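Below: the structure, in structure tokens.
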Amino acid sequence: MNAYKQILVAVDLSGDSQRVCRQALEVANGNGASIFLLHVVEIIYQVSVASEPMFYPAFEDISQNEEELIKLSKAKMADLIRGLQTGENVRIESDVISGIPKAEILRIAEEKQTDLIVCGSHGRSGFELLLGSTANAILHHAPCDVLAVRTKKNTE
Ligand code: AMP
């Protein structure tokens, strides 16, 4: 088996992210790999279908909101990374971007020529018994191996 060198870890910044990252660190340690943590801020635009006149936020409001969310997520990511400092000799990089999580995770995996994607089996969305929708898309369309770390929803 070829060693993994570049590992992409998809983190939704939920309580399970520590566990997902720790599993990725184990694999990275055993393979001498680098880790890239990625969080994708999903901006959901709501369009009202009411018969009342619709008020759309000015474009600046949307981008301001997006900037705010990215800033918040970057702070959470920094906390997550701080909590991971366990002395392992693994190079960790990270980024927070906006977009559709599954599409961005797959795009960055291609771009970085990732050889392993690590994600949680479930995240903040998804059904109790089914694989989460982001995890499912990664599993089906990844250009490389995928490690889906079992998270609490299917172990309870
Ligand atoms: P889900 O498919 O939403 O249940 O989430 C399953 C896994 O996909 C999570 O545990 C994360 O590893 C990953 N994931 C979900 N949403 C995001 C996101 N916005 N950014 C990065 N990774 C995510």
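In Å², and per residue, what accessible area does the stretch 67-108 have when probed at 1.4 Å with the other protein chains present?
Accessible area per residue: 64 Å².
Spin-label point model (7 Å from Cα, Cβ direction): what's the I100 to R150 distance in nm?
The modelled label-to-label distance comes out at 3.1 nm.
Using a 10 Å cut-off on Cβ atoms, rank the peptides 100-108, 32-40 from the highest mean neighbour count down.
Highest mean packing first, the order is 32-40, 100-108.
The values are calculated or read from the model by the stated rules, or taken from the named source; none is laboratory data. Please read these numbers as outputs of a predicted model, since none were measured by experiment. Reconstructed Cβ throughout: ideal geometry from the backbone, glycine too, with neighbour counts over all protein chains shown. All accessible areas refer to the heavy atoms of the entire protein, side chains included, with ligands and DNA or RNA removed. Shrake-Rupley method; radii C 1.70, N 1.55, O 1.52, S 1.80 Å.
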